[in-house]
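Input: a single structure, listed below in structure tokens.
The values are calculated or read from the model by the stated rules, or taken from the named source; none is laboratory data. Model, not experiment: these values are computed from the prediction. Glycine gets a Cβ as well: all are built from the backbone with ideal geometry, and neighbour counts include every protein chain shown.
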Amino acid sequence: MTLLALSGIRKGFGAVAVLHGVDFVVEAGEVVGLVGDNGAGKSTLMKIITGIYRADSGTIAFGAQDIAPLDPGARRQLGIEMIYQDLSLARQQDVSSNIFLGREPTRKLFGLFPGFIDKAEMDRRAAVMIERLGAHLPSINRSVGSFSGGQQQTVAIARALTFNPKLVIMDEPTAALAVREVQSVLELIRRLKREGIAVILISHRLNDVLSVTDRIVVLRHGRADANLVTAKTNMNEVVSRIVGGGDASAAAAHEQGG
Amino acid sequence: MNPEIAKSGYWAQAQRASVERLHIRLESLVVLLVLSGVMAMLSPFFLSFSNFLNILLATSTIGVLAIAATFVIGSGGLDLSLGSVMGLAGVVGASVAVNLGAPAPIGLLACILAGAAAGYINGQLITRAMVPAFIVTLGMLGLARGLALVISEGRVIYGLPPVMVYVGQGRPLGIPMPVIIFLATAVIAHCVLGYTKFGRHTLAIGDSEAAARAAGIRVERQRRILYTLSGALAGLAGMLFMARINSGDPTAGLNYELTAITAAIIGGTNLFGGRGSILGTMIGALIMGVLQNGLNLLAVQSYYQQMAIGAVLILAVFIDQYQLRKESRV
């Protein structure tokens, strides 16, 4: 079953055209790697999926629904979550405020005034979620900015997983992590797949991409240039598709070594 | 126990706990107590119930403006037009009641609506025309003051109906009306900022606009509401002041934005947004009130008071920045 289908997506910023008609499909429960050189348009494409940007033309469907007119909040409601490379955390707020930002559970104060945030409920559910991820945080009542990079990553992941998403987009989730932490993120992606959640993984670390994905889409000069089944491809082919011939073999040798 | 916490001293722990649970800065509370102690020693009149009410009465106008400043600065914005809009609101209310002969409640409502209108224009220009808040509200500072002078033809409007005067001078149960309205506003604002979606989203926007946007918060819409709210509160402050002095004075609220923003900042509002609490701002406003009241009791010229407030603002921001630098170095 097709979960997400983009077709003919074009997007430009002023005079600069970034995407020239991208077709991109994600099946339900599939892990898709999205790779490409810097400036290939990966982040722009993802922001069009989450609704931060509007495409200039093209269609975007989630399940059977046309989601082009929906704002980011509505798309999150449908089950599209994104973990940004900069994590997009509110650093002066605590853990549960970040996890529930924009979707806070509310109750009536004294059974009269509606719209009050149920902070106790938020803290309880946040603690459960952090526990489930097997992570250790100093305190969920501390501001997120006081945490280490890995701990902040945990909060960002917990935020993405708390509302039973159908699709999780991860933008360079392992770029800033220590080796041990990288493995736990990759294991998490495998677990999401087992739970039937689709994942789009954007990464420059091709070893990571080759080890966890079902399919790899190569974005090049604003087009989906290649669509490779991970089991039937290798580092050489992926790298040559990214750089487009030329120095491909040298680049591939470098990646293999690293 | 976490070793990181164990290492830090008692003061740092207490500070962290107070900032994270009560959202106030402990220093501001200490400053308020020390300042009150010094004033009590210097003047025999300071420690009396009537002087306490005096301080609250003098703080009520500034306090309402400081609440507005807390919301806007907490969201990463800035409203320099608070004092001018307050002056405009008083003149509009007095003019509606005296010159147009409208009933008193309409006159009072006109103050708040005039303020809200000015704030609404601020919000529209900032979010739709993309002019920086600093420039828009600085422009509004001039526009609103000028309009107040035009409407009043540069003169003070006298002769308010008794009901309007009661809002400023009435004393049900011996407590001045402005104090009651100010405290009620503070309680509501405290609940809204601390415990509602609107309040938490306000601080989230000030903390990280990108995070708020990614979370689906409609940032521009929220900003427009915030500036309108700020204007409405400035209107409320203008209403209180007008009723208290029993006239619409076009020069009312001159330089009040300085005091209001100072109160919010020393109350723990982060100058760049993301952190702030009404409880802290109330402490800040009381520091301003005690400072002015004490200097008045000591018969210090008001020119020096202006200087003191300006110096306190710079000092408060310096301490804040110094602590931030120190923390990031650890």
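What to note about this one:
Conditions tested, residue by residue: (1) out of contact with any Leu (no Cβ under 9 Å at 6 or more places or on another chain); (2) of a type in the set (Val, Ile, Thr); (3) surrounded by fewer than 17 Cβ atoms within 10 Å (Cβ to Cβ); (4) in contact (Cβ under 8 Å) with a residue 12 or more places away in the chain.
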position	(1), (2), (3), (4)
B:Leu147	no, no, no, yes
B:Ala184	yes, no, yes, no
B:Ile188	yes, yes, yes, no
B:Lys197	yes, no, no, no
B:Ile217	no, yes, no, yes
B:Glu220	yes, no, yes, yes
B:Arg224	yes, no, no, yes
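- Meets criteria (in contact with a strand residue (DSSP E or B) (Cβ under 6 Å, 6 or more places away or on another chain) and more than 14 Å from every other protein chain (Cβ to nearest Cβ)) for B:Met242: yes
- Between A:Ala135, A:Ala175, A:Ala160, the distinction of being among the aliphatic types (A, V, I, L, M) and assigned to a helix (DSSP H, G or I) belongs to A:Ala160 only.
- Strands (runs of 3 or more DSSP E) contained entirely in segment A:18-97, each with at least 1 residues that are within 14 Å of chain B (Cβ to nearest Cβ): A:80-83
- Selection of segment A:98-113 for residues being surrounded by 23 or more Cβ atoms within 10 Å (Cβ to Cβ) and more than 8 Å from chain B (Cβ to nearest Cβ) yields A:Ile99, A:Phe100.
- Residue within segment B:135-143 that is assigned to a helix (DSSP H, G or I), surrounded by fewer than 21 Cβ atoms within 10 Å (Cβ to Cβ) and β-branched (Val, Ile, Thr) present: yes
- Only a single item in (1) more than 22 Å from B:Ile205 (Cβ to Cβ); (2) at pLDDT below 95 is not met by B:Arg218, and it is number (1).
- Single residue of segment B:293-302 satisfying the filter (assigned to a helix (DSSP H, G or I) and among the small types (Gly, Ala, Ser)) that is nearest to the other protein chains (Cβ to nearest Cβ): B:Gly294
- When residues of segment A:114-132 are limited to those that are at the interface with chain B (Cβ under 8 Å from one of its Cβ atoms) and outside any helix (DSSP H, G or I), the one surrounded by the most Cβ atoms within 10 Å (Cβ to Cβ): A:Ile117
- Test: residue in segment A:17-27 that is within 28 Å of A:Leu186 (Cα to Cα) and at pLDDT below 90: no
So that you can scan it fast, the table gives a plain yes or no per residue for (1) within 20 Å of A:Leu161 (Cβ to Cβ); (2) surrounded by 22 or more Cβ atoms within 10 Å (Cβ to Cβ):
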| position | (1), (2) |
| --- | --- |
| A:Leu4 | yes, yes |
| A:Leu19 | no, yes |
| A:Asp23 | no, no |
| A:Asp66 | no, no |
| A:Arg76 | yes, yes |
| A:Leu89 | yes, yes |
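- Against the test of being part of a loop (DSSP other than H, G, I, E, B) and surrounded by 21 or more Cβ atoms within 10 Å (Cβ to Cβ), the options B:Leu100, B:Leu65, B:Leu88, B:Leu160 yield a single qualifying residue, B:Leu160.
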